[in-house]
Structure formats: C-alpha cells, structure tokens
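Participant: Take this structure, written in structure tokens, and hold onto it; I'll ask about it next.
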Amino acid sequence: MSELAQSSVAELGRLLAAKQVSAVELAELFLARIDAHRDLNAFLDVRPEATLAQARDADRRRAQGETGALLGVPMAHKDIFVTREWASTASSKMLEGYMSPFDATVVEQLRTAGMVCLGKLNCDEFAMGSSNENSAYGPVLNPWDKGAVPGGSSGGSSAAVAARIAPVATATDTGGSIREPAAFTGITGTKPTYGRPSRWGMIAFASSLDTAGLMTHSAEDAALVLSSMLGFDPKDSTSVDRPAEDCARDLAKPVKGLRIGVPKEFFGAGLSPDVEQAVRAALDVYRGLGAEIREISLPNAALGIPVYYVVAPAECSSNLSRFDGVRYGHRAKHHGDLADMIKRSRAEGLGPEPKRRILIGAYVLSHGYYDAYYLKAQQVRRLIADEFQRAFTECDVIAGPVTTTVAFGFGEKAADPVSMYLADLYTVPGSLAGIPSMSIPCGFGDKGRPVGLQLMANYFDEARMLGAAHQYQLATDWHKRVPAGF
Amino acid sequence: MVTYEASSDQAIRLRFPWFFPKILPMPLAIEDVARIAHLARIHISDEEAQRTLAQLNDIFAMIEQMRAVDTTGVEPMAHPLGGSQRLRDDVATEPDWREAAMRNAPAHENGLFLVPKVIE
C-alpha cells in the first residue's frame, strides 16, 4: 500500500479511472499515514468522517459515469483557506475552533473537480514566517531531517507532500511562502500569477501579494491541479478577468532554444556554496537539453526585502484590524471598557510575529510617515517589477536559487527577525512583481538537505514555466526522492 | 511538540552585512512603541515594548536602504496588474449565514453581538 502513497496525482487519477482503487480506499490509506506520522505536526484538523463522506461522494459520481482526472484524488488545504467542514484558524490562537460559514473559492473549485479533502495543514500564524516556527500550534518537522524547519509559511503543506501523507496540498505565497518551503523539503511548489486564483476565503495577510498555489510531487501534477484553480471570481475584487486554461498544454514541449535568464544578483556574496553548486548543475542540465542560458540583471532585486517589509506589514495591519474579539475570534477574559477589551483580546490572541508586523504597518501608514515609507516602497516596487519586464524581453523564463541556504535548524533565527526575513531574499522580488514562479527540487546540499531551483515566467505564462520544469523532471529524478521512513 | 531555544543567526549577519546596518538615523524610542501599539489597538507590557523596540529598530534599519533610492517621477505600484477597482451591480448576493456566523461570536444574545457597555 505504501507504493500507492508514492503515486502522483496523475497516476492516482489513472488508477481511479481504471477502477483499480476507490476514492474511499485512497482516503483511508492517506488518513492512516497522517495518523502514523502525527509527530510531524503537519495537520491541525483531521476529521475522518468528513473526508470519507467526500470520498464516498466521489465514488458515487464516478459510478454515475462522471470522469475527471482529479475525481477521488485526496488532497489537503493549508489552514489559510476557510472550510465549512474543518476548523479554519490560520494557525492562530485568535481563531481557535473557528468554523467558517462558507468554503473558499479554491476549496469549492477542487471539491467540484471531485478532490477529497484530508484536513487542514499547519502553517506560520496568518502565513507570516519562513520556518513554520510562528504557528500557535507548534512547528512542523522537516521529513528529511526532523531537526530542520520545513520552511514557511506553508510548512505543513510542504512537509505533508514531502512525507507522502498527502499527494497534493494547497498553499499560499505572499513573499515566498510556497517556494521556500518547497525548496526546503525537496518538492515542487508553484505560485501562479497574482490575481489568477481567487483570494475569496483566503484569510487575508497582504492583499496585493497573497496568491494561492500548490505543493506537489512534480510539475506535471501542478499543471493538472492548477488548471482547476484559475479563472475569474466576481467575489474577489482583484481577480483577473481571464478564462481558466489548460496549464498542462506545454508539458511535452522540448526546451531546445528556450532562453533561460539567470540573474547575476542571485549568485552574489551570501549564496551558500552547496546551494550554488546544485543550482549551477541544474542549469547545466538545461544547457544539455538545448536551452540557451544567458546572464541577466535585476539590479534592484535586493531591495525586495526592505520594500516587502513596508508593503506587507502595511496591508497586514489593515487586514488584521478585523480581529477585535467582537464578532468572532478570541476575547480576553479580563478587561475593562470596549477599547481595553479589543486591546487585550488582540494582545492575547495574536502571536509575536503578526503583532510585530501590525506595529510596523501601523507606523509606516501613520501621519507624517506615509510618504517616506509606504509611498516610497510602492515606487521601488514599480522599479523592481519594471526590471522583470525588461528581463523578459531577453529571455523566456528566469532561473536561479530559491533560498540562500538549505533548511536551517529550529531556533536558529527565531530571535532575530531580520535574518529570518532574508530567507525570502530571492523569492520576494517575483512576489512584488506578481509573476508566476516555482521551486523544483534540484539536488541536496549541506547535511543532506534538499535544494530548490527557482523558475519564474512572465504574467500568465504558467504553462511555459511548468513545461520547462517538467522537461527538467523528465531528465532528472530529484523530484522522485522520498525521505527515509516515508 | 518540538521545543528549542530561540537564538540569533550570526553567520547570516556576516554574509549579508548591508541588511544589518549599525546606525539608524532616527531610531524609535520606547514612547513610539507605546504610541504605535495604541494606534494598532494592541495591549503591550513594558517588558514586551522593550524587546519590540530593539527588533523594530533592526527592521527599520534594514528598510533604510530602500529609502535611499531615487524614485523621482516613478508611479507608485499598488497592485501587480494595475487597473481600477471593479464595481458590481448593487444587488444582494450574500446568502443568509447569520446563524452559522453567530456561532463563532464570543458573546451574543438574540442575534446581536455583545460588547462591554459603551454609553453610560
């Protein structure tokens, strides 16, 4: 049965279509694996009866003649997506036990496609963090090395897929929260163009950056599931009015002649030699496949981190003002008047990182500082986005490292916010621009921990990016490596 | 659940010195932290404010390098794909979730949210 758990989404779909396995059997298999690996702390809420009801429904739909590559395939949601049948907490004490009256659009889309939800996945509180250490419910362990972080904020999603306790998981990326954990756990993490998947029902952190995406075994699986997640949603005010598309259409396309831009700024001082070596070897694979590797420049990319730590906290301070202990969420037991109740409820319900970001945001938006910080950050954001547009006149996709190092150990950066923020040095520029980007496994570095290769493409060019990733995965087998014991 | 000591990463400070400038032109003072916490409606203890002060000054020192960039004439980017806010027809579209929503309220009565007395 463990072999079945190693199967990709595409393979599981074929087995279901051939009636070699039922959705209920698959749900039972993965629920048992989740239970057997509870020490990873990847899941926050598992309700077998709800999962099995969805699986029975998928089997019924198939018996009635419905087909569909995803019908009956199990998956799990990052606990940033609200769900009616599982608690939705954003890994915060503030929302402990919160039951949403509705499902997020992405949840609804994958349910319509017939996918079976295994439960909700741990993450950094309100998706703020790069190590999953900011979860109010404890950190997730990296299946490759239980002394290492699984990355963040989508650490439950990355660990679950790496450990094969879920074949695919949703995730969200604001500054690198899909790509960095995917790199740290040796899996494929995909962030599409900002505005393509709906934000409706994603607990908001920074609304001009928040993007839903996926953790999968492979680019092929990402293309398959992503095709069900895109499309216009009138309920999301920044949803792009553009039809869904087949993201798998370029998978078979050879990369011969593909122009791959490599930003020289991503290989400067600070990049760890083990990561550099694996990434350069991956570029050699592309060269061997006939792609043209050319150096490009993104001179302002390093300003991404300072810009991000103005823009994201500003938006976060506004979004998280809704948590006041009045309509939902934690309310302090002991308090004075209404204002004191709100202050104490927020002090008790929110963890240190969300509080820190709310304070930064409140400051940069406050009277007298708005122009110097917020407006300035928005201008530099434009410079960074424009640089990508210039780069894409010279190349079709951009490739480079995802992170400066392999996964770090628990506690290593926990007392030092700025060093933690640098984990997203190479992922934040693409987030600020809003372009699609992904991480694919490309080897192992220090202590045998995985290394990720980052691929980026221009707006709406997901299919080309996924095609380039798939061609690499046809030529290599890093994405098929599974940590020992799983 | 795994337990660990929170420490600070010295190696990264050496590898990326420019993100860790020693001097911040206008560092925040403890009164600033209290003022911001009030703006953000977050209760903060004196001890927490002290710890937060040091971290915020680290973060604002890192942010300084962005403020040095010449952005004359650059249009601010509020949203990756630009465009204006979409308007929809002015019709009720929300289903009635009242009961499901009230179930999450910390205190409620007769379909109303309860808060401490506001008007004496």
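The values are calculated or read from the model by the stated rules, or taken from the named source; none is laboratory data. Keep in mind that this is a model prediction, so the values were computed, not measured. All Cβ positions, even for glycine, are placed from backbone atoms using ideal geometry, and neighbour counts span all protein chains on display. Areas reflect the complete protein model, heavy atoms only, side chains present, ligands, DNA and RNA absent. Shrake-Rupley method; radii C 1.70, N 1.55, O 1.52, S 1.80 Å.
Participant: Do you know the Lys pair count in the stretch A:284-442 for C-alpha distances under 28 Å, with sequence separation 8 or more or different chains?
Facilitator: Going through the stretch A:284-442 pair by pair, I get 5.
Participant: Something else: Take the alpha carbon gyration tensor of the stretch A:2-252, find the square roots of its eigenvalues, order them as a ≥ b ≥ c, and report rounded if a/c is under 1.5; if not, report prolate when a/b exceeds b/c, else oblate.
Facilitator: Since a/c stays below 1.5, the shape of the stretch A:2-252 is classed as rounded.
Participant: Taking the Cα centre as origin and putting +1 on Lys and Arg beta-carbons and -1 on Asp and Glu beta-carbons, what dipole magnitude results for the stretch A:338-442, to the nearest 20 debye? Display every interim value, and only then the final one.
Facilitator: Working: 11 positive and 11 negative charges, 92 e Å.
Approximately 440 debye in magnitude.
Participant: Suppose a student asked you for the relative contact order of chain B, using Cα pairs under 8 Å spaced at least 6 residues apart; what percent would you report? It would help to have the intermediate numbers written out before the result.
Facilitator: Working: 38 pairs, mean separation 23.9, N = 120.
The value is 20 percent.
Participant: Please report, as a whole percent, how much of the solvent-accessible surface of the stretch B:26-69 comes from carbon and sulfur atoms (probe radius 1.4 Å).
Facilitator: Result for the stretch B:26-69: 54 percent of the exposed heavy-atom area is carbon or sulfur.
Participant: Let me ask another. At 222 nm, what value in deg cm²/dmol follows for chain A if DSSP H runs of at least 4 each add -39500 (n - 2.57) and the sum is divided by all its residues, to the nearest 500?
Facilitator: -10500 deg cm²/dmol
Participant: Using the alpha-carbon centroid of each, what span in Å lies between the stretch B:26-79 and the stretch A:312-351?
Facilitator: Going from one Cα centre to the other spans 20 Å.
Participant: Once phi is turned into ³J(HN,Hα) by the Karplus curve 6.51 cos²θ - 1.76 cosθ + 1.60 with θ = phi - 60°, what whole-Hz value does each residue of the stretch A:46-52 show in order, with x for glycine and proline?
Facilitator: Residue by residue, the stretch A:46-52 yields 10, 10, x, 5, 5, 4, 5 Hz.
Participant: Follow-up question, since we're still on this one. Relative to the longest principal axis of chain B, what angle (0 to 90°, nearest 10) does the C-alpha long axis of helix B:46-67 take?
Facilitator: Once rounded, one gets 70 degrees.
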